[in-house]
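The values are calculated or read from the model by the stated rules, or taken from the named source; none is laboratory data. Keep in mind that what you see is a predicted model, and the values were worked out from it rather than measured. Note that each Cβ is placed from the backbone with ideal geometry, even for glycine, and that neighbours are counted across all protein chains shown. Only protein heavy atoms, including side chains, enter the accessible area calculation; ligands, DNA and RNA are left aside. Shrake-Rupley method; radii C 1.70, N 1.55, O 1.52, S 1.80 Å.
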Amino acid sequence: MVPGFILLSKMSSRESVAVSQFITGFTSATGLATYLLQGSFFPSLYGSAFAGGLLGGFVGSRIQIGLSEKQLKTAISLGFSAIGLWMLLSSLL
């Protein structure tokens, strides 16, 4: 989502990351509500996912504050490139 927001809407990297996080959080909350309404309740799974998301959000915001716009774009590009390379290699092996 982040690259799309940056390229298509001309948002800054910081705005793109914030909007992406909001959308991801909203989607996750909707999915959780759906599972709960269906009677599926796994507190350890939900708790660990929530804790990981919260910790990642705090760490990511601290890192983002210290980076310039160019450094943030570079970090986002490197992160997505690493994920893409991992996906490609895992499909070949």
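Could you pull out the residue among Ser77, Ser68 that is modelled with pLDDT under 90, out of contact with any strand residue (DSSP E or B) (no Cβ under 8 Å at 6 or more places or on another chain), under 17 Å from Val2 (Cβ atoms) and loosely packed, with under 10 Cβ neighbours inside 10 Å? One residue alone meets the criteria, Ser68.
Taking the condition under 18 Å from the mean Cα position of the chain (by Cα), part of a helix (DSSP H, G or I) and of a type in the set (A, V, I, L, M), does Leu8 pass? So Leu8 fails the test. If you scan segment 14-52, which residues turn out to be touching a Phe, Trp or Tyr at 6+ places or on another chain (Cβ under 9 Å), under 19 Å from Gln64 (Cα atoms) and in contact (Cβ under 8 Å) with a residue 12 or more places away in the chain? Ser16, Val17, Val19, Ser20, listed by residue number. Under the condition of being under 21 Å from Gln71 (Cβ atoms), free of Cβ contacts under 8 Å to residues at least 60 places away in the same chain and among the hydrophobic types (A, V, I, L, M, F, W, C), which residue from segment 1-13 is surrounded by the most Cβ atoms within 10 Å (Cβ to Cβ)? Out of the qualifying residues, it is Phe5. When segment 18-52 is filtered for residues that are in a loop (DSSP other than H, G, I, E, B) and either of a type in the set (Val, Ile, Thr) or open to solvent by 60 Å² or more (accessible area, probe 1.4 Å) (or both), the ones remaining, listed by number, are Gln38, Gly39, Phe41, Phe42.
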